[in-house]
Structure formats: structure tokens, C-alpha cells
Amino acid sequence: MRAAPLDKPMDVECPLIIQGRETLPNPFPGKSIFYYDYTYPIAQAGPLDIAQAIGATRQADRQTWSERRTQLHAAADAFSYGEKLLEHTIRITGAPRCVVASLLEDIPEWLCSVPKMLEARLNHTIGALPAQVVGENAVKHYAPLSGFCYAVTPGNDPRSTALVAANACALGLPFILAASPLDAVAPLVVRALIAAGFDPRFCQLIYFRRDSDAARTHFHLVDAASAVWTFGPDESVDRTLRYEEKTDTRVVDHFEGKRVLRHNSGNCAAISIGPVSQRMRTTLWKALDFPLGCTATKTLLSVDAPPQTTQDLSEWFASKVVGDPLDPKTEIGYTHPHNIDLLEGMLEKCRLYGTVYGGERLNPYQSRPALIHLHEEYPDLLRQEIPAHVLTLLHSQDVPEALAAINRHTGAEPRLAVSLLGVPEEHRREAIATLRTHAVLVDRPTSEVTPSCHEGNDYLDLLTEGRLVREL
Amino acid sequence: MRTQENWGELLRVEPEFLVLESAILSGKITDYREIPPGAFSWHAWDMIPHDRLFKIILPFLRQQLLRASEVMPAIYKERLDGIEPGAIFTPNDWYQVPVLVKDDDPTHSLRGFRAEASANPGIMQPRDMQAPSMTFGSGGTSGTHTPTFVSIEDRDREVQGWRRGHDYHGLGSGDRVLYTYNTTHKGGQWMQESLWIHGVQVNLRRPEEGPEQVLRNIRAYRVNVLFTVQQPYEALHQQEKSAGTNLHSLVEASLEKPEHRGLLVPDMRGQRQIDFVFLGGFEIVPYAIQLAQEYLDCVPIATLLGSSEAIPQACSTNPSLTPTGTCHYNNLHLLHGPHYIEVVKPMNQAWVPVEKGEEGLLVYTSWARDGTIWIRYAPGDVATLLMGEGECPCGLQTPVISGVHRKDLNEQEALLVEGCAAG
């Protein structure tokens, strides 16, 4: 347990951290859509702040692989947060206290697990560079990418900075992270990294208001970087972060020549065999309790489920405590009204294809969790990811049918993850071989992220220059 | 660069000036054209009290008053009606001469000349001007610009006058200057000329060269003095206005590329090649001062006030040379010669000097000018008299003004961003 209530809780703010120096220039107010009187200051990086950050990364000491992995473990120990930060994140995400605390607890876990996972793969060294034995007398070594990584994080998940930082730090790539104005956790992560011994020029944090003037700042950073880390659907990333219309006929592709990391999958699903046991429910709930996240399970394909499964699940959903997310007893907090509108619209349509349990809107920001039992496949629902508390249940005759249904309703991008709950060994192999998904979790929730390899991105390959070395 | 120790060498009345003064007061010199242009580089102009200065320039004030009515009748015949040049003996007499404005000022019953000059720019050229002239436009931010005609000799006088500014900024032989100014503007051209004849090595920025190339040139040519433009912080958000080479973009390029440290932005050892930065424009904007303090280790900066109509008018000194002086940044010593600079307010029918602490109109009279004659011309700038003559601890004797700004503040930003300062 790393939460450390402070005697004097620090006020939450979002400063720039450039070369280890924290400043709050030209702050603009951040707001919560759920708590109208809650504001906090966010620094607005100016052109010279950006220039300093860029210049700093160019001089950053990348240290050795050994030093970096030691420091990441130290950063995990150094990371801490207070009650104010916890409450702030609740107010911003609308997620309940237990969920937010769990997300924040993931951060030190990720900072540690990335170097551990890489250590397991990088079983060799060449000089100071980590390497991997790939064959007889053949070793692939991984040099850090030249330049720096520019990352633009979203505001829906407070762990975003940790995901970027853990990988960039482990792999020796300095970064400038433009955190979402909704993310006040980012400074804590960067402070922990610096406290652990990373060169302050290695890890820079900036904020800027994401309005029409932001494009110039953003594209300047993209152009200066060698790698760009993005989150979100390809369509919106390309529209807002990649292409710039210079004139009516000329469009500039700022991603050209860059390593681009995309995180655009989601719409996770699960397959369960037999009754949905208490253990399965516990696992499922871990994948349902944070619907804003891309790792939330949206569809459950149930095979060989007894007739009362739907009733049991609907009663289980109905028992969830809906309330003020700041209340420790609350299990379902606030959701953006737009997402509730989306859910309401979908529930209305779904009544033609199945039975809807729950889903009643309680106020602009809340609805009861919804269970949609489809009697027939409704593609619009099965392909769409609704960021609200909703689970679609579809009964399948057997595992192959469940696998086919999942694949049938997967879009161009594979799903982020599929959980196999109680699926026997012989079907697991088939699932792993045939599912169109980046990750398969066996008896684990889809919300369990493998931070060194998220959404199909193998960061070891993406953030390094790999070279094969063969010797006689 | 001059040092604090030899600043005192500038605080003198040159023997040649005494000879000139004697010749003028004795009547041997009655025409401003007999004053060698180099005389305007003498520091004596800034070291004598006003009463003494007035006696020296009086014959030429009268000369220009007479000339103005005759050779620029469209502008002055009616305005100077009733003003008898021969009847002007004292400053009080001079204060009766009306102020000339470009745009109508109903408050003071002053009629502007912009419309007439716009319709027929030739009225701004004196009829007796024989020598070839060059025209420079000004005041375009408030309407059609009006021309100032100058001769080569006018140029010579003004660039020599500017040399005093260079001295007060500490420049001298052996210094290497790079300037980024727009040389199609009069200020940019005069800057180039005045630096050159002042004996410094001059490097100019080619139009196609951006901030990075300028920094490379600073290194390659071992430049230690930078003349550049500035932008108010607000203008940086307007992309088309913030583009170009200016102090901000040079600092930005230095921060972004570590190989450029040590030129303008100090390197890790705190060393910096640039010893002094001249910032032109209407004023040294707060953002420029902030840049100098935050990123440039308080590099000395100073400015010189001038316009297409008249250069120089006033200047601040290099703070490192005059640490006890008040004349830093936007506190400017008046620079008389070849123009007579006043800060005035209306009093009854006259326009009299303001008292210390008072704000008034900045006016100038081009008493040594072949081209467009300015008689107590108020271009629309106001200033506050900060210190009276002899009061500034730096040792220069002329009054110190501050808070120079356009009466119309919107016009001020436009001038800063789009005027002669625009690089």
C-alpha cells in the first residue's frame, strides 16, 4: 500500500517539469465536469519552455541499461501520492475511490514490471547495451533510438504517464510528455523518476491548453522528435496530431520519418465456460469497474451457461452501489453525460434484439449498470465500445462459435484483449491461435495490462534500434 | 566594448565643439550646412545645459522657420503665419511656435496634414532641395503613410548623431556587430551606416536567414554585439507576426539546439559571446527584459529612439557602463543634434516644456535638414520627463524621459510588430 496521507496535503497542480525545475507559468484553470466548483491550476508551456525541453533531451544522459533498470525500481519505491491527489483524480475521472486507488497502485507496479519483463528477454549484453540471444552465435542488441520520444497522453487513465515513462526510461529514450490537462498524476511519476536518479533532462513534462493555438506547439514537438507516442483512435490521431493543412491543396504529414506508437484498440471481450462463478465475477468486475479505460470488457460470450446465469448476473449488477465517487462505499461513480446519452440510445435499440437489465439513468452523470442479454447478434452493439457501465451477454453453443462471434464483430484493429474464464486447455490453444486480439488473458481480467507490451506494441522493438550481430 | 572605467572619456565637451560654438555665436556660421556632419558625433551636444544649446541652435531654428514657410508652403505657410523667425531670441519665444501634427487634434485645435500629404506627397519635399533625395514613409499604421525626404547630407548628419548612441552603448573599434533589422527601412539602413563609420565590423542578416543561421554567423564571425528586433509576448501567438528573426526566436533556437549555447544564451560554464544587445522599436518591451533576465544572464540591453522623420531622438545607456545611472532600458537621455527634441504641453497659446514627472507630447525640430523640414513636429508620441538636465548620475547632462508611447496604444503594438523594427 503506497498511499501516504500527508500531514499537509499538497494542493493539486499541474506544473511543467523541465530539467528538473518545476514551474507554473501562465496557468489556466482545469475543471471537473462532475464537481462544478472544483478547479486546479495547469501550467501553460510557452515556446521557450518547449525549446528548453527539446534542448534538454538532446543533452540527456541516457545512462546504462543496468543503471536504468535499477533506477526504475527505485522510482517505484519513491512514487507516492496523498489524499488530495486521490480525491482530485476521483473528481476528474468520476471513478469511485476504490477504482482510482487501484489504478494509482498500478503505477509503481508498472515501473517495476517493465524492467523485469525486459530482463527476462534481454538475457545478454554487448558492452553496455542489452541484447537477446536469437540463435546460434546470433545476438540482437538494442541501442536506444536516437533523438527523443514525444508522447501525448489522454486524460482518461491516470496510469498513462507511467506506461510511457516506464518503457522510455527502461529503453534509454529521453522523452517529453505532453500530459492531458486532466492528468495531475504525471508530475508525481516524473518526480519519482528524477528522485530515483534519472537525469532531469531525460524526463520532461509539459502541459499546454489543447485549443486551436496548440497545433503549432504540438507539430513543433512532433517535428523535433524521433518517436511519437499517441493514444486514441487512428481517425482522431491522424486528424489532430498527424496531418496539418497548410493550404487548400497542401497537407503536411508530420509523422513521416518518425517511429509512431499507436494505442487505438479496445472493445475487450471475455469467454466463460459454465456457470459464472463468484471467482469469475470478481475477475469480470475488475474489467468492468473502470469503463473509461480501453481495457474494460464489453462483451461476455457465455458457453454452457445454466439458464439462471442471466438472472444471476443481472442481480449481481443491480447490487452494485451507485453513488458519489468520493464515498468509499461507492462502486459506480460518475460518467460523462455524453457517454450516458450514448448508452441510453443503444439500450433503446437493443430492446429489439434482447433483454435489457438495469441501465436506468439516475441523473445527468449516472446510470445503473446495464446488462444486455442479446438473443441474436446485434453488430452495432457488439462492435461498439461504450465508455459506460454496460456488459453485453451472448450465449454461444460452444467455444468455436464464441471465438467466431468475437472475431466476426472485431473491426480492422484487433481487440485489445480477450479473457478466457474457465476455458479448458484444449480450447485455449484454439483461442490463442484464432482470436483477433492483441492479448489473451487466461482467468485474468482484460484490465490487466502488460505495460511492456500494450495494445500489440512491443516497445522493445519500437523504441530501440535493434541490430543483429553474428559471430563465428 | 567600452568598460565602466573608461565611460568618463565620453563625458566631455570636445575642443572642436568649442570652436564650432564660437563660430556660431560670433556669426561666422549662419547656415546649418556649414556644420560638418561629423560634428553631430560629438558628445558635447549631450553635455551642455539647455540654455547653452539653445543659443547654439537658435540661428538654425530661425533659418528653418524661414525656409519652412517658403519652401514647404502647403504645410507651413498658414501654420506659421504670424511667427517671425527674426523675433525669436529666447526659449520662451520659441514656445510660441505652434506644434505640427499629422492627424487632426480637435482638443488643441490642431489641423493635421496627412490628407494633404497623401493627396500630394511632393508637398513634403522642400522646393529648394537641389540634391537628390530619398523618401522614407512613416505613420502607415494609422492610414496612408507620409514621406520624409532626406538628402545624402541629411543621412550623414543623422548617422553621425547615431554614433553617440553607439558610444553610450559601449561600442567601439574592434567590436563585431550582427544586426537583423530590415534594411529597407530607414532605421535599418542608418544602423548599418552608423555602425560602419563608427569603426565596428558589421554583419547583416540576409532576408532568407533564419534564427539558426544567424546564430551560426554569430559564431563564425565572432560577433559580440547583437542588434535585433523584439516582439511583445502577445504577438507571439499570431504566427505570421511572430515568424522571423527576433530576440525571442534567437533565444528559442539557442535553447533548442545545445550547440548554439554560449553565443546568446550562456553555456554550462555561464559564458556568452554576446556582450550587448541593442533592441530597436518603440520601447524595450517587458517580454524582452524578461528574456534578458531569465535566459541571457542579464545581458546588457539598451535602445535608441528614432523614426523615419528624425534620428536620433533619445537613447538609454548600456547598464553595465552606467550602473548608477537612471538611464536604463526605457529611460532615455534626449539626444539633440541634428534635431531639437522637446516634451511639451499646451499652456495658453504656447507649447511649453513639461515639468518633471509630467507627461507631454514628444516633438522635434529638424534644424539641420535639407529635406523635409520638421518644425515642432509631434508624430503622436508622448513621454514623461523623468529627470531634469544634469540630474542623471551617469554623467550625461540632457534630461531623461521615460514611458514613451503612442497616444493610441493600439497603434503602438502595430508599430512594434510591423513597423521599422520588424525584422
Practice task
Specify the inter-centroid distance of region A:150-216 and region A:79-135, based on alpha-carbon positions, in whole Å.
Solution key: 13
Completion exercise
Env charge @ A:LEU145, Cβ radius under 9 Å, K,R +1 / D,E -1, value 0
Practice task
Please state, rounded to one decimal and in Å, the Kirkwood hydrodynamic radius that region A:230-323 gives when every pair of distinct Cα atoms enters the mean of 1/r.
Solution key: 16.8
Fill in the blank from the handout: Note: A:47-60 gets an average of partner chain Cβ contacts (10 Å, Cβ to Cβ) equal to 5
Exercise for the section: Using a cut-off of 13 Å between beta-carbons, work out the net charge of the residues near B:THR146 (Lys and Arg +1, Asp and Glu -1, B:THR146 not included). Expected result: -1
Fill in the blank from the handout: Correct semi-axes for region B:1-74, from √(5λ) of the alpha-carbon gyration tensor and rounded to whole Å with the largest first, are 29, 14, 11
Fill in the blank from the handout: Expressed in nanometres to one decimal, the distance between label points 7 Å along Cα→Cβ at A:ASP248 and A:ASP327 is 5.9
Handout entry: Relative contact order (percent, whole number), chain A, Cα cutoff 8 Å, 6+ residue spacing
Key = 17
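Let a ≥ b ≥ c be the square roots of the eigenvalues of the Cα gyration tensor of region A:1-110; is it rounded (a/c under 1.5), or, if not, prolate (a/b larger than b/c) or oblate?
Working: a/c = 2.43, a/b = 1.19, b/c = 2.04.
Oblate is the answer for region A:1-110, as a/c is 1.5 or above yet b/c matches or exceeds a/b.
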Handout entry: Nearest-20 debye value, region B:280-368 charge dipole, Cβ charges on Lys, Arg, Asp, Glu
Key = 160
Exercise for the section: Can you tell me the FRET efficiency between B:SER22 and B:GLN290 if r is taken as the Cβ-Cβ distance and R0 is 51 Å, rounded to the nearest 0.05? Expected result: 0.55
Problem - All-pairs alpha carbon distance profile, region A:375-453, 10 Å steps from 0, percent - result: 16, 52, 30, 2
Practice task
Using just the alpha carbons, could you tell me how many Å³ per residue the convex hull of region A:25-172 encloses?
Solution key: 134
Problem - Proximal charge balance of B:PHE136 [Cβ under 12 Å; K/R count +1, D/E count -1] - result: -1
Fill in the blank from the handout: Taking only the alpha-carbon positions of the protein assembly as shown as identical scatterers, the Debye log10 I(q)/I(0) at q = 0.10, 0.11 Å⁻¹ comes out as -1.04, -1.18
Fill in the blank from the handout: Residue-normalised 222 nm signal for chain B, counting each DSSP H run of n ≥ 4 as -39,500 (n - 2.57), nearest 500 deg cm²/dmol, is -8500 deg cm²/dmol
Completion exercise
In chain B, lysine pairs 8 or more places apart or on different chains with C-alpha atoms under 19 Å apart total 6
Exercise for the section: Taking H placed 1.01 Å from N in the peptide plane, check which residues at least 5 places from B:LEU100 or on another chain put their amide H under 5 Å from its amide H. Expected result: B:TYR377, B:ALA378
Exercise for the section: Please list B:ASP370, B:ASP297 in order of solvent-accessible area, largest first, computed with a 1.4 Å probe with all protein chains present. Expected result: B:ASP297, B:ASP370
Fill in the blank from the handout: Expressed in nanometres to one decimal, the distance between label points 7 Å along Cα→Cβ at A:ARG429 and A:GLU377 is 2.6
Problem - Sequence of A:VAL321, A:VAL152 from largest to smallest accessible area, 1.4 Å probe - result: A:VAL321, A:VAL152
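How big is the dipole moment of chain B about its Cα centre under a simple scheme where the beta carbon of each Lys and Arg is +1, that of each Asp and Glu is -1, and everything else is neutral? Debye, nearest 20, please.
Using only the charged Cβ atoms, the result is roughly 580 debye.
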Exercise for the section: Counting residues in chain A as N, plug N into 2.2 N^0.38 Å and put the Cα Rg over that result. Expected result: 1.00
Practice task
Please give the calculated 222 nm ellipticity per residue for chain A, where each DSSP H segment of at least 4 residues contributes -39500 (n - 2.57) and the sum is spread over every residue; nearest 500 deg cm²/dmol?
Solution key: -10000 deg cm²/dmol
Practice task
Can you spot the aspartates and glutamates whose alpha carbon is less than 18 Å from A:LYS31's alpha carbon? Ignore those fewer than 8 places along the same chain.
Solution key: A:ASP11, A:GLU13, A:GLU87, A:ASP157, A:ASP183, A:ASP211, A:ASP324
Fill in the blank from the handout: Nearest-0.05 FRET efficiency for A:ILE126 and B:THR144 at R0 = 60 Å, using Cβ-Cβ distance, is 0.25
Problem - Hits among aspartates and glutamates - C-alpha to C-alpha of A:LYS298 under 12 Å, sequence gap 8 or more where chains match - result: A:ASP289, A:GLU385
Practice task
Quick one: work out Rg over Rh on the C-alpha atoms of chain B, Rh as Kirkwood radius.
Solution key: 0.96
Practice task
Would you tell me the accessible area of B:MET47, worked out with a 1.4 angstrom probe on the heavy atoms of the protein chains, in Å² to the nearest 10?
Solution key: 30
Handout entry: When region A:413-472 is reduced to its Cα atoms, the Kirkwood hydrodynamic radius in Å
Key = 13.4
Practice task
Pop out the ³J(HN,Hα) list for region A:185-195 in order, Karplus 6.51 cos²θ - 1.76 cosθ + 1.60 with θ = phi - 60°, rounded to Hz; leave Gly and Pro as x.
Solution key: 7, 3, x, 5, 5, 5, 4, 5, 5, 5, 4
Problem - Loop-resident sites, region B:185-224, for GluC sites (Glu not before Pro), counting at most 10 other Cβ within 10 Å (DSSP) - result: B:GLU208
Handout entry: Between 0 and 90°, nearest 10: helix A:160-170 axis offset from chain A longest Cα axis
Key = 50
Practice task
Averaging sequence separations of C-alpha pairs under 8 Å and six or more residues apart, then dividing by the length of chain B, give the relative contact order as a whole percent.
Solution key: 18
Practice task
Quick one: compute the contact order of region B:20-110, relative version, from alpha carbon pairs under 8 angstrom and 6+ residues apart, as a percent.
Solution key: 20
Practice task
Would you mind computing, in nm to one decimal, how far apart the modelled labels at A:ASP238 and A:SER80 are, each placed 7 Å from Cα along Cα→Cβ?
Solution key: 4.8
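Please identify the helices of chain B, taking whole runs of DSSP H, that span at least 24 Å along their own axis as judged from the Cα atoms and have a mean Kyte-Doolittle score of -1.0 or higher. Each step should come with its number before you reach the end.
On the way: long enough: B:50-71 (29 Å, 0.12); B:152-168 (25 Å, -2.15).
Result, helices passing both filters: B:50-71.
The values are calculated or read from the model by the stated rules, or taken from the named source; none is laboratory data. The structure presented is a predicted model; accordingly, all values stated were derived computationally and were not measured. Note: ideal-geometry Cβ built from the backbone for every residue, glycine included; neighbour counts use all protein chains shown. Heads up: the accessible areas ignore ligands, DNA and RNA and are worked out on the full protein's heavy atoms, side chains in. Shrake-Rupley method; radii C 1.70, N 1.55, O 1.52, S 1.80 Å.
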